[in-house]
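To start, the structure under review is shown below, and the notes come after it.
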C-alpha cells in the first residue's frame, strides 16, 4: 500500500486546535445563553407567570329532580252508594274521593351565566423567542461551517 506523505506546511495542527477552541467557546456561550433564558426571568420577577393565568375551578351543578306531570283527570261517571241511615259516629268525617286537593307542580329554572372574556389577545407563551433563538443558532452554525471550509481550502 501507498503511504501518504505529510504536508510540507506543518500548520494543520494549529488550525485544528483553533477550530476546536472556537467550537468549545461557542458551546460555552450557548450554555451561558440557555442559563440566562432560565435564570434571569426568575431573578427579575418574571418567572411567576402562572399566578396571572386564570385557573379553572370545578363547580358542581345540582339539578333538582324533575317531577312527572300526571295527566289531568277526565270526567267520568262515578256511581256512589248512598247510605240510607244516618251515621251514628260523629267523629271527623272522611273526605270524599270526589274532592281531591290539587298539588302545585313547580319547576325552578337554574340560571347558568357564562360570560366570555373580553381579552382577545394571544397568550404570551414565549414561543416566538424560542424560534428566534433556534433560527439564530442555525445561522451561527451555518457561518461556522462556511468559515471552517474556507480555512480548510486555504
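The values are calculated or read from the model by the stated rules, or taken from the named source; none is laboratory data. Since the model is a prediction, treat every value here as computed from it, not as a measurement. For neighbour counting, all protein chains shown are included, and Cβ atoms are generated from backbone atoms with ideal geometry for every residue, glycine included.
Structure summary
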{"quantity": "Condition check for residue 141: modelled with pLDDT of 75 or more and closer than 30 Å to residue 20 by Cβ", "calculated": "yes"}
{"quantity": "Condition broken by residue 49, with the remaining ones in (1) farther than 30 Å from residue 140 by Cα; (2) surrounded by 10 or more Cβ atoms within 10 Å (Cβ to Cβ); (3) at pLDDT 75 or above satisfied", "calculated": "(3)"}
